[in-house]
Amino acid sequence: YTVHVSGKIRGLNSQKVDPSIVEVIQWGNTGLESMSWAFDGDYLLVKIPGDVSGAFSNVKSFDSAFKGCAFLESVPEDLFVSAAAALTFGGIFNKCVSLKTIPAGLFRNCVKTRDMNNSFSGSGIEAIPEDLLSHCTELENVGTMFAGCESLKNVPQKLFWNNPAINDVTGLFERCG
């Protein structure tokens, strides 16, 4: 069945909730400030839309938002198009084993982001777009960002070319293909 959420909510958090959401049709405009743990462990989730309504314009944290969504196969390039205020994406796609590709422009507007620790670790990523992080000039922590990505075939030479603030790369590519 379809569930509609209306009104204003500050955050989504599904920790300790049985997974039951299969698809998000649209994000709407609910005043979200946090997406931390929004769909954590919802392994049934297979599809999410881009943010066409500016739903994520006030969100500061996406930590573990889609962690463990094992059947999520793709991420729309415009998912974070309005997430210019986002500071953290730690563990956002951690253990998304069906996720094979990352859109090149996924973080294009995330200019204030400082933390991407563990963001794709344990996922099925096969390739990393060279300009994935080129607009994240304040990025500091990329430790274990791609750890355990056993399908990863190569790393682009200029992946961090525009990230002068990075100070933590601990375990960045450990246990990779």
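Only one residue in Glu126, Glu77 is among the acidic types (Asp, Glu), open to solvent by 10 Å² or more (accessible area, probe 1.4 Å) and either modelled with pLDDT under 95 or over 12 Å from the mean Cα position of the chain (by Cα) (or both). Which one? Steps first, answer last, please.
On the way: Glu77 fails: either modelled with pLDDT under 95 or over 12 Å from the mean Cα position of the chain (by Cα) (or both).
The conditions single out Glu126.
Kindly provide the set of residues from segment 23-54 that are open to solvent by 80 Å² or more (accessible area, probe 1.4 Å) and within 19 Å of the chain's Cα centre (by Cα), ordered by number. Before the answer, list the steps.
Restricting attention to segment 23-54, the residues satisfying the condition of being open to solvent by 80 Å² or more (accessible area, probe 1.4 Å) are 23, 25-26, 29, 33, 43, 47, 52.
Scanning segment 23-54 gives Glu23, Ile25, Gln26, Glu33, Tyr43, Lys47, Val52.
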Which members of segment 89-123 meet the condition of being buried (at least 24 other Cβ atoms within 10 Å of the Cβ) and hydroxyl-bearing (Ser, Thr, Tyr)? Thr113, Ser119, Ser121, Ser123
Among all residue pairs at least 6 apart or on different chains, which show Cβ distances below 9 Å where the first residue, located in segment 1-20, is over 18 Å from Ser61 (Cβ atoms) and part of a loop (DSSP other than H, G, I, E, B) and the second is among the aromatic types (Phe, Trp, Tyr) and open to solvent by 90 Å² or more (accessible area, probe 1.4 Å)? Pro19/Tyr43
Six or more apart or on different chains, Cβ under 6 Å: which pairs go from a residue in segment 64-86 that's outside any loop (DSSP other than H, G, I, E, B) to one that's open to solvent by less than 10 Å² (accessible area, probe 1.4 Å)? Could you list them? none
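Return yes when Ala65 is closer than 20 Å to Arg10 by Cβ and open to solvent by 10 Å² or more (accessible area, probe 1.4 Å) and no when it is not.
Numbers: closer than 20 Å to Arg10 by Cβ: yes; open to solvent by 10 Å² or more (accessible area, probe 1.4 Å): no.
Judged against the criteria, Ala65 is not a match.
The values are calculated or read from the model by the stated rules, or taken from the named source; none is laboratory data. Small disclaimer: the values here were computed from a predicted structure and weren't measured. Cβ coordinates were reconstructed from backbone atoms using ideal geometry, including for glycine residues, and neighbour counts include every protein chain displayed. For accessibility, only protein heavy atoms count, side chains too; no ligands or nucleic acids. Shrake-Rupley method; radii C 1.70, N 1.55, O 1.52, S 1.80 Å.
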